[in-house]
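The values are calculated or read from the model by the stated rules, or taken from the named source; none is laboratory data. These figures come from a predicted structure and were not determined experimentally. With ideal geometry, Cβ positions are generated from the backbone for all residues, glycine too; neighbour counts draw on all protein chains shown. For accessibility, only protein heavy atoms count, side chains too; no ligands or nucleic acids. Shrake-Rupley method; radii C 1.70, N 1.55, O 1.52, S 1.80 Å.
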Amino acid sequence: MAEFKFELKPFRSEGRIGRKGILGDFGEVIVQYDRYSRKRRNVNGETRLFGDKLPDVSFKGSGPGMPVLKWSTLKESVLTMDSATASLVFNVNGLSNRARSLHISLMGREYQYCIGRMSRDATLSRDGVRVKIRMGEKIQGLGMTSVGEASGDFEAVDLALAIVFEEVNTSDLTATGALFTTYERLVSGKETPTD
């Protein structure tokens, strides 16, 4: 395939938050997170993606972590696509966004997921494929839209994997996240796991 563009709009409904949109021939996609009360700490949450011609994706992780972060985080996370479980690894000691990129092994493919400058965009890539999603316009009371662009010989699997992270707290993959990780290790005196 050549270049492909799409937009996902935020929604809130019955205790769920998420994004949805039309991905051309791939049909409708919905990615949502079951929202929990901000008073609860260290709850486990699940982000799910489903669509007309996309594989089902589940991302389970602990969260919310901080009151303003309402999504699953990368800590103690499990990502599955259909019946396949992904391996997720990132360098908690990296001092730049690129050094902290998430490396994903799934269905015999190797991916890299990297947060851009100022956390305004993120790129999922593998050999010959790139899916970049950036912040779009603000919708009052709901949040920002997500504007995506895929290039190369991408498939439904690539789009689904990039889109599911739109409802996952990926701050651990940023340089700012490195500062919080270092502070957490100093205060708690505990070693942070590398995967």
Item to check | Residue within the stretch 108-115 that is free of Cβ contacts under 8 Å to residues at least 40 places away in the same chain and either within 20 Å of Gly24 (Cβ to Cβ) or not in a strand (DSSP E or B) (or both) present | outcome: yes
Checklist entry - Of the residues that make up the stretch 88-105, is at least one without any contact (Cβ under 8 Å) to a residue 60 or more places away in the chain, out of contact with any helix residue (DSSP H, G or I) (no Cβ under 6 Å at 6 or more places or on another chain) and farther than 30 Å from Leu186 by Cβ? => result yes
Checklist entry - So how many residues does the stretch 1-18 have that are under 21 Å from Ser151 (Cβ atoms) and either at pLDDT 80 or above or in contact with a Ser or Thr (Cβ under 7 Å, 6 or more places away or on another chain) (or both)? => result 6
Item to check | Test for Leu173: is it at pLDDT 95 or above and either surrounded by fewer than 17 Cβ atoms within 10 Å (Cβ to Cβ) or under 19 Å from Phe59 (Cα atoms) (or both) | outcome: no
Next on the checklist: Taking the condition of being modelled with pLDDT of 85 or more, open to solvent by 70 Å² or more (accessible area, probe 1.4 Å), in a loop (DSSP other than H, G, I, E, B) and closer than 22 Å to Gly15 by Cβ, how many residues in the stretch 47-79 meet it?
Outcome noted: 1
Checklist entry - Just wondering, is there one or more residues in the stretch 34-46 that are open to solvent by less than 20 Å² (accessible area, probe 1.4 Å), part of a strand (DSSP E or B) and at pLDDT below 95? => result yes
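Every residue, every condition in (1) touching a Lys or Arg at 6+ places or on another chain (Cβ under 7 Å); (2) among the aromatic types (Phe, Trp, Tyr); (3) under 22 Å from Phe59 (Cα atoms), yes or no:
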residue	(1), (2), (3)
Gly108	no, no, yes
Met118	no, no, no
Ala122	no, no, yes
Gly128	no, no, no
Val157	no, no, yes
Phe165	no, yes, yes
Tyr183	no, yes, no
Checklist entry - Between residues in the stretch 152-172 that are without any contact (Cβ under 8 Å) to a residue 40 or more places away in the chain and residues that are in a helix (DSSP H, G or I), which pairs lie under 7 Å by C-beta distance while being six or more apart or on different chains? => result none
Checklist entry - Restricted to the stretch 130-146, and to residues that are open to solvent by less than 40 Å² (accessible area, probe 1.4 Å) and under 15 Å from Lys5 (Cβ atoms), which residue is modelled with the lowest pLDDT? => result Gly136
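Within the stretch 80-90, track down each residue that is surrounded by 17 or more Cβ atoms within 10 Å (Cβ to Cβ) and in contact with a Ser or Thr (Cβ under 7 Å, 6 or more places away or on another chain).
Ala86, Leu88, Phe90
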